[in-house]
1. List pairs: first residue in region B:14-38 and more than 21 Å from residue B:56 (Cα to Cα), second residue near DNA strand D (Cβ under 6 Å from one of its atoms) anywhere in the structure, Cβ distance under 9 angstrom, at least six positions apart or on different chains.
2. Pick from B:191, B:196: which is open to solvent by 40 Å² or more (accessible area, probe 1.4 Å), away from chain A (no Cβ under 14 Å) and within 27 Å of residue B:145 (Cα to Cα)?
3. For region A:47-91, what are the residues that are open to solvent by 30 Å² or more (accessible area, probe 1.4 Å), part of a helix (DSSP H, G or I) and more than 15 Å from DNA strand D (Cβ to nearest atom)?
4. Could you tell me which of the residues A:46, A:59 is away from DNA strand C (no atom under 14 Å from the Cβ) and outside the structural domain of residue A:303 (by TED's automatic domain parsing)?
5. Picking from A:13, A:35, which residue would you name as being more than 7 Å from DNA strand C (Cβ to nearest atom), over 39 Å from the mean Cα position of the chain (by Cα), hydrophobic (A, V, I, L, M, F, W, C) and open to solvent by 40 Å² or more (accessible area, probe 1.4 Å)?
Number of protein chains: 2
Amino acid sequence: MDKKIATIQDVAAEAGVSTATVSRTLSKPSVVAEATREAVLAAVERTGYRINATASNLRRQRTGSVIALVPNLANPFFSQILAGINSVLHPVGYGLLVADTQAGPNLDDRLSGYLQSGMADGLILFDGTLPVEPLTTPGRPPVILACEWMDDDLPSVRTENARGASLAVTHLLEMGHRHIGHITGPKGNVLSQTRLSGYVETLSLHQHEQRDDWIFDGDFSMDSGAAAAQKWLQLKDRPTALFCASDEMAIGFMGAVQHQGIRVPEDVSLVGFDNIEVVGHLSPALTTIRQRRTQIGEQAARLLLDMIEAGTLTGVSEIIEVELICRDSVARIPT
Amino acid sequence: MDKKIATIQDVAAEAGVSTATVSRTLSKPSVVAEATREAVLAAVERTGYRINATASNLRRQRTGSVIALVPNLANPFFSQILAGINSVLHPVGYGLLVADTQAGPNLDDRLSGYLQSGMADGLILFDGTLPVEPLTTPGRPPVILACEWMDDDLPSVRTENARGASLAVTHLLEMGHRHIGHITGPKGNVLSQTRLSGYVETLSLHQHEQRDDWIFDGDFSMDSGAAAAQKWLQLKDRPTALFCASDEMAIGFMGAVQHQGIRVPEDVSLVGFDNIEVVGHLSPALTTIRQRRTQIGEQAARLLLDMIEAGTLTGVSEIIEVELICRDSVARIPT
DNA sequence: GGTGCTCCTGTAAACGATTACAGCCAACCT
DNA sequence: AGGTTGGCTGTAATCGTTTACAGGAGCACC
């Protein structure tokens, strides 16, 4: 029978009221009389009416959705954050659009494309290396940075990266290690830089030896961890412990050295960063710095919603605590 | 200056043409005269005009987005699939909305909510256990199932699950194993069932011993793999090899038994399923069945787009090939 | 009885695009 | 010259809501 989807007109006719009343019943029930409200709701029920989001959004000059702009969607690191974002957005009627900054040709255009497209009421940016220039476009929606951040005063949600690095290195020192290396994240990334300087500063603070060839270039990926392992193996004077800027690199490193018969933690100790789920199931289970990813997502979504509702482009930032998770990848060295 | 975002009216005024011409220039450039086109494009440039997607969608009776309904967004298994979906959707101007079937209270309502919301032109469903009843709603958009599937004739994209199981078990048999166990996925899941029966049938085919206590209940998670390991350890008569219905369970199992000093593959051989990235970096690297996840996403998106453009609710299905990836987690047993 | 409230509801104008339809003009043909 | 054609453009209706504004009903108070 009802081939077509009912519109607000149909409901109005069915209930014998005007469309305005139907609309009000649905959005601000308190202003319509009890009897009318019931009649309308009954009509809604009978017609199977569902509000047309597109029309509603057009009229209300909003889109009802938020874009999460992720550097690489295939990276599982983000999925849990997305879950956190969605858990906040969905209950209040916002949809989550995801987009990949790697897809497509020109990076600059893409960011401004998303900003100006009017496809979303707000943007969650996970990539701190994007050009800032498009962010100055006049009618742009509010933006919040998650995980990474820029030097500008854009609001952001991030974790205590420097403190995480410090926790990791301090732990290694406390376990008696004196030769501590580091595998970095990609160059030019704020996370890499912050964790690296956290590592450097902690060692300086305790006046411990630092050597350039104990710092290995990585890019957060497992493969880069494995590559670092090759470098480490070739070293004459190897550090006895490594702080890895990501769990994935720690996994890659560990797999590669174990393949060569090197034992972890007896021959080399490792501390990771992130506490992704798998590292607890490795053998040895990886000692690491925990980042609460769900919480990052939730906070970012919440702060962004605040900005959207307040209609402002500026907002507060938030720092999420990190925590050292001790497992079995660090050996105690007698001093 | 330009505080407000330019509308098509502004462009029309600026270019000295009607809004219709502007619209045509942007959607079907071939029908407008060269000179006009240039004038319009220049005006677009000057005003910084971006088409308002909401208004366009309302008029065209579409939404320009597709919903991916994932059982658990935090599960990294899906992120690569989402990337595949997006890589197809984005170039043709569709957005990807992601939603979690676990969020919120009533499952039944949620699916029908998404179906009727009119928020999307199509739906990609990753959960084969959802109730089918809402799928009979009249004005619903096209739906495609990915990975999992239902007994109905909904179009789907899936991998060769039975063949994957068969490849895994056959490989173990060829390596000389005669006592082969299995860790299953969650009960009631088609993937679990199909992989389990693939396992059973392959063993039957070769007339090999099967024992109920060699089949361990799992749910695809690492924890459930670790739990299976405990059961396996308590067994008097242990299978020498296990086919795990997911890589994650294989990881959990391997971690747990290695923790007890059991060696893989010398003491127990393992084959996983999925080929998630991390398993290549484990030690030993896991032998597994590869599912091309990006391809699953791409195909699902492509088939769904076909249905959307054709305006039909029925479509073709696609089966993606699997492949055995031999690594180091299976020992050869002298026979 | 008139005035002023309060409560509720209806009218109608937006929101910003797309597109069927019609009209205009120039060129071409007979 | 008149008719036809084809290429291009403009007019205006339309998509389905929301909401400012106005209006009517009922009531109380002076």
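The values are calculated or read from the model by the stated rules, or taken from the named source; none is laboratory data. In this text the structure is predicted, and so the values were computed from the model without any measurement. Backbone-built Cβ (ideal geometry, glycine too); neighbour counts: all protein chains shown. Only protein heavy atoms, including side chains, enter the accessible area calculation; ligands, DNA and RNA are left aside. Shrake-Rupley method; radii C 1.70, N 1.55, O 1.52, S 1.80 Å.
1. Sorted first by the residue in region B:14-38, then by its partner, the pairs are B:36/B:17; B:36/B:21.
2. On inspection, the qualifying residue turns out to be B:196.
3. Of everything in region A:47-91, those that are open to solvent by 30 Å² or more (accessible area, probe 1.4 Å), part of a helix (DSSP H, G or I) and more than 15 Å from DNA strand D (Cβ to nearest atom) turn out to be A:77, A:80, A:87, A:90, A:91.
4. Selected residue: A:46, the only one of A:46, A:59 that is away from DNA strand C (no atom under 14 Å from the Cβ) and outside the structural domain of residue A:303 (by TED's automatic domain parsing).
5. A:13
Rundown of residues vs (1) touching a Pro at 6+ places or on another chain (Cβ under 9 Å); (2) over 25 Å from residue B:232 (Cβ atoms), yes/no style:
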{"site": "B:140", "(1), (2)": "yes, yes"}
{"site": "B:150", "(1), (2)": "no, yes"}
{"site": "B:159", "(1), (2)": "no, yes"}
{"site": "B:164", "(1), (2)": "no, no"}
{"site": "B:169", "(1), (2)": "no, no"}
{"site": "B:182", "(1), (2)": "yes, no"}
{"site": "B:201", "(1), (2)": "no, no"}
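Quick grid of which residues meet (1) within 14 Å of another protein chain (Cβ to nearest Cβ); (2) of a type in the set (A, V, I, L, M); (3) within 23 Å of residue B:308 (Cβ to Cβ):
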| site | (1), (2), (3) |
| --- | --- |
| B:32 | no, yes, no |
| B:53 | yes, yes, yes |
| B:60 | yes, no, yes |
| B:70 | yes, yes, yes |
| B:75 | yes, no, no |
| B:84 | yes, no, yes |
| B:99 | yes, yes, yes |
| B:111 | yes, yes, yes |
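Condition check ((1) under 19 Å from residue A:66 (Cα atoms); (2) within 38 Å of the chain's Cα centre (by Cα); (3) modelled with pLDDT under 95) across all residues:
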{"site": "B:2", "(1), (2), (3)": "no, no, yes"}
{"site": "B:20", "(1), (2), (3)": "no, no, no"}
{"site": "B:26", "(1), (2), (3)": "no, yes, no"}
{"site": "B:42", "(1), (2), (3)": "no, no, no"}
{"site": "B:51", "(1), (2), (3)": "yes, yes, yes"}
{"site": "B:62", "(1), (2), (3)": "yes, yes, yes"}
{"site": "B:74", "(1), (2), (3)": "yes, yes, yes"}
{"site": "B:92", "(1), (2), (3)": "no, yes, yes"}
{"site": "B:102", "(1), (2), (3)": "no, yes, yes"}
